[in-house]
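No value in this document is a laboratory result; all are computed from the given coordinates. Note that the structure is a prediction, hence the values are computed from the model and not measured. Using ideal geometry, Cβ is built from the backbone for each residue, glycine included, and neighbour counts are taken over all protein chains shown.
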Amino acid sequence: MTKLYGLLGEKLGHSFSPMIHHKLANYRYELYERKPEEIADFLSEKIFDGLNVTIPYKKTVLPYLKTISLKAQSIGCVNTIKKCADGSLYGDNTDYDGFLYLLKKLGVKILGKKIIILGSGGASLTAQAVFREEGAGEIRVISRHGQDNYLNLERHNDAQIIVNTTPVGMYPNNGKTLLDLTQFKKCEAVADVIYNPAKTKLLLDAEHLGIPFINGLPMLVAQAKRACEIFTDTEIDDSKVDQITMEIEKQTRNIILIGMPGCGKTTIGYALAQLLGRESIDIDACIVQKIGQSIPQFFKEQGEEAFRDIETKVLAEECKKSGVVISTGGGVVTQQRNRDILRQNGYVVMLNRPLEELAVNGRPVSQSKSVQQLAKERMHLYRSWSEKSFVCQGVQQTALAIKKEIE
C-alpha cells in the first residue's frame with residue numbers, strides 16, 4: 001500500500017513541496033490546509049504516515065507528539081512528524097538541516113559576525129539555533145513588539161548578515177520588504193527563506209547593491225530531503241538537493257520577452273510557450289481586457305501616462321505567476337519601476353529585429369515618433385534589462401533558439 005505524506009499549514013497555495021517530494025521518493029504527498037480549530041481533530045485522526053509542518057503550526061503541533069528529537073526540543077518547534085508503528089507521533093526539525101545547507105550555498109563566513117533575523121516564529125528559532133552552532137557573534141531577532149523591532153532597526157545597521165524568516169514579500173503579496181537595505185552599510189550577505197517569488201524585494205535590493213543573496217528554495221529542498229530520509233528510513237545524497245533545486249528553478253522561472261514595438265514578441269512568445277508546454281501571456285492583450293477598449297483608443301482618450309500606470313498594474317499581477325511565457329509591450333522599459341517586477345520571477349530575453357522590419361500599424365507610440373528615435377531612447381534599456389538577446393530569424397527558429405538556451 002502506498003504511503004501517504006503531506007504538508008500541514010493554514011495557506012498552502014504557493015507550495016512547491018509536492019513537486020519536491022515526488023522527485024525524492026515514490027509516495028503520495030498531499031497538501032493539508034487546516035484552520036487552527038481543525039488541528040486537534042486532524043492530528044488525532046492520523047490519516048497520514050508523516051507530515052511536514054509550516055506556518056503557523058510549527059509550535060501548535062507540539063502537544064500532540066509523544067516523542068520529539070533533541071534538536072527539535074532545543075529549537076522549540078517541529079516541522080516534520082512521523083507516525084510510528086504503535087500509532088504515536090514523533091516530531092523532528094529538518095528546517096535546521098535545510099537552513100544550514102542554505103548558509104553553505106550562500107558561502108558566507110558566520111564566525112563572529114553580527115546577525116539580524118527578521119521574525120520570531122518557527123523559522124526564526126531554527127535560524128537562531130544554526131547561527132549559534134556556527135559561532136555567530138551578536139544575534140538580534142527583530143519582531144513587531146519585541147525589544148528589537150522595526151521602529152528601532154537603526155540600532156543594528158552594523159549587521160553583517162540579514163535573514164528574513166517572515167512571510168513579508170511572499171506570493172501573492174510580492175514587492176514588500178521590512179527594511180531599507182541601503183542603511184546597512186556593513187551588510188555582507190542576505191538570505192530570505194521565501195522561495196516564491198524567486199527574488200523578493202529584499203533580495204532584489206541586495207542584487208542592486210551588489211550584496212550576495214540567496215532565496216529559500218535550497219533550504220526547502222534540503223529540509224525535504226532530510227524529511228524524506230526520516231519518512232523512509234533511507235539516506236539520500238546531497239547532490240539530489242542541487243539537482244532538484246535546479247529542476248524547480250527551470251520549471252518555475254518565467255520567460256519574459258522584451259524588445260522594440262513590432263519585433264514579434266507576441267507571436268514568438270506563443271510559439272515558445274507551445275514548445276515548452278507553458279501558458280502564454282500577452283501583456284497588451286491583458287490590458288485590452290482590463291480597459292475594455294483598444295490601446296490606440298485609450299491612448300487617444302487618456303494619454304500615455306495613464307496607460308503606463310495600467311501597464312505596471314497588469315505586469316505586477318501577471319509576473320507573480322510562475323512557469324509562464326510573458327510577452328511585454330515595447331514601452332515596458334520606459335518605467336524603471338517595471339524592472340524589478342519582471343526580474344522577481346523572470347528570465348528576461350530581448351528580441352532584436354532590424355528597424356526597417358518593425359511594424360508600426362496600430363502602435364500609438366511608434367506612429368507618434370520615428371522608429372529610429374524610439375530605438376535611440378530604448379535600445380540601451382532593452383540590453384541592460386535582459387539576460388540574453390536573440391536576433392529574430394523567423395518565429396519558430398527564434399523560439400527554438402530561446403528554448404535551447406534556457407534548457
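Here are some notes:
- Within region 284-333, GluC sites (Glu not before Pro) in DSSP loop having at most 16 other beta-carbon neighbours inside 10 Å: none
- Antiparallel %, DSSP beta bridges [both residues in the chain], to 5: 15
- Selection among 394, 141, 215 by position relative to the dipole of the chain gives 394 as farthest towards the positive end (Cβ unit charges, Cα centre).
- You can think of it this way: the chain between residue 406 and residue 243 has 57.1 nm of extra reach, that is 0.36 nm per residue less the Cα-Cα gap.
- With neighbours defined as other Cβ atoms within 10 Å of a residue's Cβ, the residues 328, 126, 266, 2 order from fewest to most as 2, 266, 328, 126.
- Under 19 Å from residue 3, Cα to Cα: lysines that are on another chain or at least 8 residues apart: 23, 46, 82, 83, 225
- Looking at region 24-76, the trypsin sites (Lys or Arg not before Pro) that sit in a DSSP loop and have at most 13 other Cβ atoms within 10 Å of their own Cβ are 66.
- Given the alternatives (i) 0.97; (ii) 1.06; (iii) 1.03, Rg/Rh (Cα atoms, Kirkwood Rh) as computed for this entry is given by (iii).
- Between the alpha-carbon centres of region 117-184 and region 270-292 there is a gap of 38 Å.
- Where Cα atoms sit under 23 Å apart: lysine pairs in region 244-389 separated by 8 or more or lying on different chains: 21
- Residue exposure sequence - 342, 217 - by fewest surrounding Cβ within 10 Å: 342, 217
- Region 223-299: GluC sites (Glu not before Pro) in DSSP coil with no more than 15 other Cβ atoms inside 10 Å: 235, 279
- Rounded to the nearest 20 debye, dipole of the chain from Cβ charges on Lys, Arg, Asp, Glu: 460
- Per residue, the chain reaches -12000 deg cm²/dmol at 222 nm when only DSSP H runs of four or more residues are counted, each adding -39500 (n - 2.57).
- Karplus-derived HN-Hα couplings along region 262-278 (A = 6.51, B = -1.76, C = 1.60, θ = phi - 60°), whole Hz, x at Gly and Pro: x, 7, x, 4, 5, 5, 5, x, 5, 4, 5, 4, 5, 5, 8, x, 10
- Positive end of the dipole of the chain (Cβ unit charges, origin at the Cα centre): among 19, 1, 197, the Cα lying farthest that way belongs to 197.
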